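S.K.: Pasting a structure here, questions to come.
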Amino acid sequence: MELPKEITAEKVHFSKDSKILNDIAQETSCDSELKTLTEDELLERIETVLNEKIINGEKTAFFQLGLFYIEQELYEKAYSCFEKSKDFDSQSMYQYGVMLYDGIGCEQNTVKGVECLLQVAQNPSNYTKHLMSALQYNIGRAYFQGFGVNRQSDIEAERWWLLAADDGNPKASVKAQSSLGMFYSREECLDLKKAFFWHSEACGNGSLESQGALGVMYEYGIGVKHNSDSAYICLKEASDRGNVYAMGNLVAHYYRRKLFTKASALALRVAQLKSQDIKLLATETECLPAFISKGISTACFYLARSFSSGLGIQQSEEEAKVYYSRSFQFDPDVCARLQNITTHGVI
């Protein structure tokens, strides 16, 4: 699992401010005069309460209103709130920087986005302590992608991600831990023992992406001794949690062990996914779109193989052609690799 450039930002859960928003929502919904209001009208009332706080000089209400707008997916309004309060609120500066970097609710400006993130990182305080891991991950992301910085730098990306990962601390950036697992799987900085270590840490801290990666590493003896039982456990649990990459590799696991009925049944389910499903699945599972595509491609290839051989499913050369084609469409490299090992009698 090499790390693609299309990695997403680390999100921060602002528990204190979210609690304030929940309290306002609760107070509003409990108000006897407002019990007849619709949900939209209640949301409008919450917005009004926060705006009144801003008018009354409560500076923290800018950030809370920005969070409220993000929850409602009103990104332009959220960006405006963070922009107005960034100079006196570090949390707003952080959110402002992230939105600028990705062009969320505003015109993308990666240089300015990174500048904002670095400004918060260089002025740490108790008020920004809860931001640091996500902040360090996102700065590392900028260096890895080469956007908003002087030049792309794997060295700087690694340095920032190691800070964000904090030796596997479960309260640190789990995304950084998982990213390091994929980072050390790249040819440019290959260290499979480190890759296995960081995927193990991330998996232990809840990373669905890394759980699937560990399954593959155990399956093929990558960075760790081959262990079929551990591979199955990781792939099955990750699949049950929605990791499509793990599903594709679980299909391969079943097929190689001649569990053809199980392989074809799971492959058929995964192969029904469409290109437009990938973005939503990536959001729901926090798995990278590139690996979701690889999982679908793998499942389609093995399903085509099953149709062609009639193993675990009724033989049909026409269906085999359909799913070979779908495998290529989702990931040509995966399809070519599987075709190559098929030619050499591995599958």
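S.K.: Could you give log10 I(q)/I(0) at q = 0.14 Å⁻¹ for the range 160-217, computed by the Debye formula over C-alpha point scatterers of equal weight, without solvent?
M.R.: After summing over all Cα pairs, the log10 values are -0.29.
S.K.: Distance cut-off 29 Å, Cα to Cα: go down the list Lys84/Lys129; Lys84/Lys279; Lys194/Lys258 and report the pairs above it.
M.R.: Flagged as over cut-off: Lys84/Lys279; Lys194/Lys258.
S.K.: By accessible area of protein heavy atoms, probe 1.4 Å, what ranking do Phe88, Phe330, Phe144 get, highest first?
M.R.: Of Phe88, Phe330, Phe144, the descending order of accessible area is Phe88, Phe330, Phe144.
S.K.: Follow-up. Using protein chains only and a probe of 1.4 angstrom, how many square angstrom of Tyr96 are accessible, to the nearest 10?
M.R.: Here the accessible area works out near 0 Å².
S.K.: At 1.4 Å probe size, with every protein chain present, just tell me what the per residue accessible area of the chain comes to in Å².
M.R.: It amounts to 51 Å² per residue over the chain.
S.K.: Kindly provide the helix-only [θ] at 222 nm of the chain, computed as the sum of -39,500 (n - 2.57) over DSSP H runs of four or more divided by all residues, to the nearest 500 deg cm²/dmol?
M.R.: -21500 deg cm²/dmol
S.K.: Projected area of the range 26-183, taken from the Cα convex hull and averaged over every viewing direction, in nm²?
M.R.: For the Cα atoms of the range 26-183, the hull's average projected area reads 11.0 nm².
S.K.: Rounded to the nearest 10 Å², what accessible area does Lys19 have for a 1.4 Å probe in the complete protein model?
M.R.: Its heavy atoms expose roughly 120 Å² to the probe.
S.K.: Below 17 Å, Cα to Cα, which aspartates and glutamates can Lys59 reach? Residues fewer than 8 away in the same chain don't count.
M.R.: Asp17, Glu47, Glu83, Asp87, Asp89
S.K.: Output the peptides 155-164, 5-14, 178-187 sorted from most to least packed, where packing is the average of other Cβ atoms within 10 Å over each peptide's residues.
M.R.: Order by mean packing, descending: 178-187, 155-164, 5-14.
S.K.: Just to confirm my numbers, what's the Cα centroid distance between the range 198-265 and the range 41-78 in Å?
M.R.: Taking the Cα centre of the range 41-78 as reference, the centre of the range 198-265 is 43 Å away.
S.K.: Rounded to the nearest 10 Å², what accessible area does His344 show when all protein chains are kept and the probe is 1.4 Å?
M.R.: 130 Å²
S.K.: So, with a 1.4 angstrom probe, what is the percent of accessible area on the range 190-293 that is carbon and sulfur?
M.R.: Solvent-exposed carbon and sulfur of the range 190-293 make up 56 percent of the total.
S.K.: Shifting gears a bit: Pick from Asp17, Asp166, Asp277 the residue whose mean-square fluctuation is largest in a GNM of the chain, springs joining Cα atoms under 10 Å.
M.R.: Largest GNM mean-square fluctuation: Asp277.
S.K.: Explain nothing, just compute: Karplus ³J(HN,Hα) = 6.51 cos²θ - 1.76 cosθ + 1.60, θ = phi - 60°, for every residue of the range 169-181 in order, whole Hz, x for Gly and Pro.
M.R.: My calculation for the range 169-181 gives 4, x, 8, 8, 7, 5, 5, 5, 4, 5, 5, 5, x Hz in order.
S.K.: How do Ile278, Ile55 rank by accessible surface area computed with a 1.4 Å probe, from largest to smallest?
M.R.: Ile55, Ile278
S.K.: Could you work out the relative contact order of the range 84-242? I mean the mean sequence separation of Cα pairs under 8 Å and 6+ apart, divided by the number of residues, in percent.
M.R.: For the range 84-242, the relative contact order is 12 percent.
S.K.: Rg/Rh for the chain: what does it come to with C-alpha atoms and Rh from Kirkwood?
M.R.: Here the Rg-to-Rh quotient is 1.05.
S.K.: Right, here's the next one. Relative to the longest principal axis of the chain, what angle (0 to 90°, nearest 10) does the C-alpha long axis of helix 75-85 take?
M.R.: 50 degrees
S.K.: In Å and from the alpha-carbon atoms only, list the Rg and Dmax of the range 142-258.
M.R.: 14.9, 52
S.K.: With springs only between Cα atoms under 10 Å apart, run a GNM on the chain and tell me which of Asp229, Asp23, Asp167 wobbles the most.
M.R.: Asp23
S.K.: What do you reckon, how do Thr110, Thr298 stack up by accessible area (1.4 Å probe), largest on top?
M.R.: From most accessible down to least: Thr110, Thr298.
S.K.: Here is a further query. In whole Å, largest first, what are the principal axis extents of the Cα atoms in the range 221-347?
M.R.: Its Cα atoms span 36, 36, 24 Å along the three principal axes.
The values are calculated or read from the model by the stated rules, or taken from the named source; none is laboratory data. Treat the numbers as computed from the prediction; the structure is a model and nothing was measured. Every residue, glycine as well, gets a Cβ built from its backbone with ideal geometry; the counts of neighbours run over all protein chains shown. Note: accessible area is taken over every heavy atom of the protein model, side chains too, but ligands, DNA and RNA are not part of it. Shrake-Rupley method; radii C 1.70, N 1.55, O 1.52, S 1.80 Å.
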